[in-house]
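**Student:** Okay, here's the structure, questions in a sec.
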Amino acid sequence: MSKDRQKLSIFGVLILVLALTVVLGYRMTQPPAVGQAADQTKTSQNPPAPSDARIRLDLVENPEAADQDIGKKNVFQYRQTPPPAAVTRSGGPPIGLGPVGSPFAQQPSRPAGPPQPLPPPPFPLKYQGFATEDRPGGGFTAFIADDTRHYNVTVGEVLMGRYRILSITDKVVDVEDLEFNRRQSLPLLK
């Protein structure tokens, strides 16, 4: 009997929660009452000011009378100011309006040309040491390293598929970059 009473009380609580959920859901989806709508539609004390936006038909109909600068403004530069007017001396070149070093001083213009290509990246290799070989004709084996690995190379080898070892001495290793077709001497690190 006590188990039935406990189940009945749990059932009653669940019915109460269901009823509250239905009531709150109905109130949220119900449109606002007439009194509430009247309060929300009150006009503000400050009406919007009329703007001075208008279409100038005289410029549209007669484009020759329009200023010649229309449509030539660079829209990608923020508030670009026009260059200052230059004052000319009688018979001489124009003079800037401000002292030297000021933003109004006349700067020499550079000829506009194609941008210079970026220089190739520096060689990432370092010449760390060498060993002599005991064979007829001698020779050296160079110990070269980059940021991650160490290499033992001889003359004529291609390192990392890009750098050819041209010559090895006790002071310098000459390396050719096969990708950019350039040469560099790597001095022995001390």
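**Student:** Do you know which residues across the range 170-190 are loosely packed, with under 13 Cβ neighbours inside 10 Å and either more than 23 Å from LEU118 (Cα to Cα) or of a type in the set (Gly, Ala, Ser) (or both)?
**Tutor:** Passing the criteria: ASP170, LYS171, PRO187, LEU189, LYS190.
**Student:** VAL173: touching a Leu at 6+ places or on another chain (Cβ under 6 Å) and at pLDDT 90 or above, yes or no? I'd like the intermediate steps shown before the answer.
**Tutor:** Working: touching a Leu at 6+ places or on another chain (Cβ under 6 Å): yes; at pLDDT 90 or above: yes.
Yes, satisfied.
**Student:** If you don't mind, another one. How many residues are surrounded by 13 or more Cβ atoms within 10 Å (Cβ to Cβ) and either in contact (Cβ under 8 Å) with a residue 60 or more places away in the chain or part of a loop (DSSP other than H, G, I, E, B) (or both) if we restrict to the range 158-168?
**Tutor:** Within the range 158-168, residues that are surrounded by 13 or more Cβ atoms within 10 Å (Cβ to Cβ) and either in contact (Cβ under 8 Å) with a residue 60 or more places away in the chain or part of a loop (DSSP other than H, G, I, E, B) (or both) number 1.
**Student:** Condition test on THR132, is it out of contact with any Ser or Thr (no Cβ under 9 Å at 6 or more places or on another chain) and free of Cβ contacts under 8 Å to residues at least 12 places away in the same chain?
**Tutor:** No.
**Student:** Of the residues that sit in the range 104-147 and are at pLDDT below 85 and of a type in the set (Asp, Glu), which one is farthest from ILE165 (Cα to Cα)?
**Tutor:** That would be ASP134.
The values are calculated or read from the model by the stated rules, or taken from the named source; none is laboratory data. No experiment lies behind these values; they were computed from the predicted model shown. Note that we place each Cβ from the backbone using ideal geometry, even for glycine, and neighbour counts take in every protein chain shown.
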